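These notes concern the structure reproduced below.
The values are calculated or read from the model by the stated rules, or taken from the named source; none is laboratory data. Not measured: the values here are computed from a predicted model. No Cβ is skipped: glycine too gets one built from the backbone with ideal geometry, and neighbour counts run over all protein chains shown. To get the accessible areas, we keep the full protein, side chains included, count just its heavy atoms, and leave off ligands, DNA and RNA. Shrake-Rupley method; radii C 1.70, N 1.55, O 1.52, S 1.80 Å.
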Amino acid sequence: MGRLFVESVSGKKIFKCKSCKVDSASHEDIVSKQFQGRFGRAYLFKNAVNISLGPTEERHLLSGLHIVKDIFCSSCQQILGWRYEKAYEESEKYKEGLYILERERMLKDDR
């Protein structure tokens, strides 16, 4: 196994994996804070780093049926949330390609 490449995020407020403290997303990439995850409150982000993707699956969420991939911290493999791959409802299409990060799994670092 080789070295793990860890990408740093720039900005004043950074969200990090709660387990291993690796950067995951910038506060500046938040699209919405009005989401619910498996473990409580969740945020919708434009970008996320230092993640790996799980298999594609259909999932019934509060906003309807979506095709998603779970996202995991690439350093410690902790589940962090999911990425929207496809939305069936026209009103939900804006989520495609965006990331849900669950607050319970993240730390906020004010730099």
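Based on what the data block shows, is I100 within 12 Å of A25 (Cα to Cα) and among the β-branched types (V, I, T)?
On the way: within 12 Å of A25 (Cα to Cα): yes; among the β-branched types (V, I, T): yes.
Yes.
So that you can scan it fast, the table gives a plain yes or no per residue for (1) touching a residue at least 24 places away in the same chain (Cβ under 8 Å); (2) touching a strand residue (DSSP E or B) at 6+ places or on another chain (Cβ under 7 Å):
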residue	(1), (2)
D23	yes, yes
V49	yes, yes
S74	yes, yes
E90	no, no
K93	no, yes
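Please pick out the residue among R111, R105 that is within 16 Å of S24 (Cα to Cα) and open to solvent by 50 Å² or more (accessible area, probe 1.4 Å). I'd like the intermediate steps shown before the answer.
Working: R105 fails: open to solvent by 50 Å² or more (accessible area, probe 1.4 Å).
The match here is R111.
For segment 1-75, which strands (runs of 3 or more DSSP E) that fit wholly inside it have 3 or more residues that are touching a helix residue (DSSP H, G or I) at 6+ places or on another chain (Cβ under 8 Å) and open to solvent by 30 Å² or more (accessible area, probe 1.4 Å)?
On the way: elements: 13-17, 23-26, 30-37, 40-45, 51-61, 64-73.
Answer list for segment 1-75: none.
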